[in-house]
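*Asks:* To start, I am sharing the structure in question, which I have written as structure tokens.
Each value in this text was obtained by applying a stated rule to the coordinates, not by laboratory testing. Worth saying up front: this structure is predicted, and the values here are computed from it rather than measured. Note: ideal-geometry Cβ built from the backbone for every residue, glycine included; neighbour counts use all protein chains shown.
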Amino acid sequence: MRRIRVNRGFVAGTVIAAAAMTIGVGGAGYAATGHPFILGQANQANQTSVLKGTVGTPLSLKAPLGKSPLKVNSSVRVDGLNADQIDGLDSTSFAKAGAVVRTSAPVFTPSEGPINRQARAFCHSDEHAVGGGDVVTALTPDRLGEYFTFVVHSAPIDGSGNVSVPGAQAAGWLVEATNTAHTMTGGTAKDADLTAYAVCVPN
């Protein structure tokens, strides 16, 4: 009978290599510290990974529509990570800590424009304004669905109600609104109330 000689070292090495390939493809599947980052798989490192760009933006993340481009597993604050908006609103839309909002009495703004109406909100004597704006409230049904009272002017004012000199502390806020539907289009619009508000902080 002819004997077949088996190289046990070759067999053992082949089994180990096959096992390593299996783990690399379908097992843990991560790149250890010092190895390339593997896309589509989990990666681990025991040191901080730094991406430093020499020209332009060093990292760009693009997600499909409706998907977040970045996900984290912690709610801890990240220093230096700035957000341009909160729920779609700029920082100027929020009152600062310690601020109060003073409002004017409603000013009737008729739909038979162009008839401009102004409203003024004043801070108390020991306060000054750091911002302001307007609220328009419709009083009649919108008959055509497209004509609205709109603000044409919004500015800080002094204690006399005049527009403030740039650089000076403001005593309140002025808003001016109109509705030009009647004259410009021949259509009808909404009667409305115009209210000004001032964001005031202590002097």
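*Asks:* What distance in nm separates the two pseudo spin-label positions at Leu39 and Asn203, each 7 Å out from Cα along the beta-carbon direction?
*Replies:* 6.3 nm
*Asks:* For Gln169 and Glu112, compute 0.36 nm times the residue count separating them, minus their Cα-Cα distance, and round to one decimal in nm.
*Replies:* 16.9 nm
*Asks:* Which length gain, in nm to one decimal place, applies between Ala138 and Asp126 when the Cα-Cα distance is subtracted from 0.36 nm times their residue separation?
*Replies:* 1.0 nm
*Asks:* May I ask you to derive the FRET efficiency for Thr54 and Ala32 from their Cβ-Cβ distance with R0 = 30 Å, giving the value to the nearest 0.05?
*Replies:* Values: r = 27 Å, r/R0 = 0.89.
Taking R0 as 30 Å, the efficiency between Thr54 and Ala32 is 0.65.
*Asks:* Still on this structure: If you stretched the chain out fully between Val78 and Val152, how much longer would it get, using 0.36 nm times the residue separation minus the C-alpha to C-alpha distance?
*Replies:* 22.6 nm
*Asks:* Sticking with the crude label model, points 7 Å out along Cα→Cβ, report the distance from Thr103 to Lys67 in nm, one decimal please.
*Replies:* Going from the Thr103 label point to the Lys67 one covers 4.4 nm.
*Asks:* Pop out the ³J(HN,Hα) list for the range 33-50 in order, Karplus 6.51 cos²θ - 1.76 cosθ + 1.60 with θ = phi - 60°, rounded to Hz; leave Gly and Pro as x.
*Replies:* Values, residue by residue: 3, x, 9, x, 6, 9, 6, x, 9, 6, 10, 10, 8, 9, 9, 5, 9, 10 Hz.
*Asks:* What ranking, highest mean first, results for peptides 59-69, 99-109 when packing means the other Cβ atoms within 10 Å averaged over each residue?
*Replies:* Descending mean neighbour count gives 99-109, 59-69.
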